[in-house]
1. Within the stretch 42-68, which residues are in contact with a Phe, Trp or Tyr (Cβ under 8 Å, 6 or more places away or on another chain), at pLDDT 95 or above and either polar (S, T, N, Q) or part of a loop (DSSP other than H, G, I, E, B) (or both)?
2. Which residue pairs have Cβ atoms under 9 Å apart, sit 6 or more places apart or on different chains, and have a first residue in the stretch 223-236 that is more than 16 Å from Thr178 (Cα to Cα) and a second that is among the small types (Gly, Ala, Ser) and in a strand (DSSP E or B)?
3. From the set of residues in the stretch 166-200 that are out of contact with any Phe, Trp or Tyr (no Cβ under 8 Å at 6 or more places or on another chain) and hydroxyl-bearing (Ser, Thr, Tyr), which is farthest from Leu210 (Cα to Cα)?
4. Only one of these conditions is not met by Pro171: (1) touching a residue at least 12 places away in the same chain (Cβ under 8 Å); (2) assigned to a loop (DSSP other than H, G, I, E, B). Which number is it?
5. Counting only residues that are touching a residue at least 12 places away in the same chain (Cβ under 8 Å), out of contact with any His (no Cβ under 8 Å at 6 or more places or on another chain) and closer than 23 Å to Ile226 by Cβ, how many does the stretch 15-29 have?
6. What residue, among those in the stretch 173-193 that are within 15 Å of Asp142 (Cβ to Cβ) and surrounded by 13 or more Cβ atoms within 10 Å (Cβ to Cβ), is modelled with the highest pLDDT?
7. Of the conditions (1) in contact with a Lys or Arg (Cβ under 8 Å, 6 or more places away or on another chain); (2) within 21 Å of Arg148 (Cβ to Cβ); (3) not in a loop (DSSP other than H, G, I, E, B), Glu39 clears all except one; give me its number.
8. Which one of the conditions (1) touching a residue at least 40 places away in the same chain (Cβ under 8 Å); (2) hydrophobic (A, V, I, L, M, F, W, C); (3) in contact with a helix residue (DSSP H, G or I) (Cβ under 7 Å, 6 or more places away or on another chain) does Phe57 fail to meet, given that it meets all the rest?
Amino acid sequence: MAAKYKRILLKLSGEALMGENSYGIHRSTMGRIVAELDEISKLGVEVAIVVGGGNIFRGMTSANDGIERVTADYMGMLATVMNALALHDAMKQIGLASCIQSALHIEQVVEPYVRGKAMRYLAEGKVVIFAAGTGNPFFTTDTAAALRGMEMDADIMLKATKVDGVYTSDPKIDPQATRFKELSFDEAIAKNLQVMDATALTLCRDQKLLLKVFSIFKAGALKRIILGEDEGTLVTV
């Protein structure tokens, strides 16, 4: 089957890399995710990733614990660079070409973000991993993902979560909760469905960037989305 999307932006949370651990990186979980990325890359899909850092450091939580918010946010950005390096290494081990671009300049470790170079890498078939969010405090990695998705001219943004879509209520609490197959950005914002933060949702809505929410822990879900099968929840204009 042919891929439905040519270029995707995957928002991968730090928590997705924890697997069964309570913090840090679960190697086998990361290995499985990377293997799935390799599979869709071989279908000709160009893959860009924005990675979070919540498995190592959460800026908002630490700000509430007394660290100055701006300082905490920069610490969180550095955590995303660590995750990006781990992903890059895992991809290298299976022969999947990738590169890292960071919104914070740490040139001994990663390249700085340059849109033109990132676009060229994608066209060459490399996975581009974006680290350090937007490079600014007060913005989440959700917002960074929306921004990079638009800058890369992605066909769709895929938000990888622990739940297989957006539900009417928390399915862990409410057994009657049902999954939305599709909903609009305005519905998601009005109903406060916790899909992404409001800034990211508004950016996607205004620029008509499709959003798909799915579970990264569901084997084969990523490939099924790429092939256009019914998986997760599509958020559209």
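1. Hit for the stretch 42-68 is Val45, nothing else.
2. Once the first residue is more than 16 Å from Thr178 (Cα to Cα) and sits in the stretch 223-236, its partners that are among the small types (Gly, Ala, Ser) and in a strand (DSSP E or B) give Thr236/Ser184.
3. Per the stated criteria, the residue is Ser169.
4. Among (1) touching a residue at least 12 places away in the same chain (Cβ under 8 Å); (2) assigned to a loop (DSSP other than H, G, I, E, B), the lone unmet condition for Pro171 is (1).
5. Number satisfying all stated conditions: 3.
6. At the first step, the residues of the stretch 173-193 found to be within 15 Å of Asp142 (Cβ to Cβ) are 185, 188-189, 192-193.
Okay, now just the ones that are also surrounded by 13 or more Cβ atoms within 10 Å (Cβ to Cβ), so 185, 188-189, 193.
On the way: Phe185: 95, Ala188: 92, Ile189: 91, Leu193: 86.
Per the criteria, the residue is Phe185.
7. Going through (1) in contact with a Lys or Arg (Cβ under 8 Å, 6 or more places away or on another chain); (2) within 21 Å of Arg148 (Cβ to Cβ); (3) not in a loop (DSSP other than H, G, I, E, B) one by one, Glu39 breaks only (2).
8. (1)
The values are calculated or read from the model by the stated rules, or taken from the named source; none is laboratory data. What you see is a predicted model, and the numbers here were worked out from it, not measured in a lab. Here Cβ is always computed from backbone atoms with ideal geometry, including for glycine, and neighbour counts include all displayed protein chains.
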